[in-house]
Amino acid sequence: MKQSEINKLSKEDIEEKLNEFQASLKDLKMKHSISPLENPLEIKKTRRIIARLKTFKSNPVSYTHLRAH
């Protein structure tokens, strides 16, 4: 999920996506601990998406400024 996609989401959608990706991360980590994942970079990607969502959730004003340019 790219930042431009996150910028278009409502607060409710951000909460929903955040919960979805956190559950996905938990699932990926569990699967990886049992047997190696085919693509372990999925864990890294998911963590970064969660960070983007949390950052936007805590400070959406800074990103609305970026959209204007």
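Every number in this text was worked out from the coordinates using simple rules, so none of it is lab data. If you're wondering where the values come from, they're calculated on a predicted model, not measured in any experiment. Ideal geometry is used to build each Cβ from the backbone, glycine not excepted, and the neighbour counts take in all protein chains shown.
Relative protection proxy for 22-29, 33-40, from highest mean packing down: 22-29, 33-40 (other beta-carbon atoms within 10 angstrom). Counting 0.36 nm for each residue step from ALA51 to ASP13 and taking away their Cα separation leaves a gain of 12.1 nm. Ordering 41-52, 7-18 by mean Cβ neighbour count within 10 Å, with the highest value first, yields 41-52, 7-18. Note on GLN22 and ILE34: the model spin-label points, each 7 Å out from Cα along the C-beta direction, lie 2.3 nm apart. I need the shape label for the stretch 1-63. Rule: rounded when a/c is under 1.5, else prolate if a/b > b/c, else oblate, with a, b, c from the alpha carbon gyration tensor. Prolate, since a/c reaches 1.5 and a/b exceeds b/c.
The mean sequence distance of close C-alpha pairs (under 8 Å, at least 6 residues apart), as a share of the length of the chain, puts its relative contact order at 44 percent.
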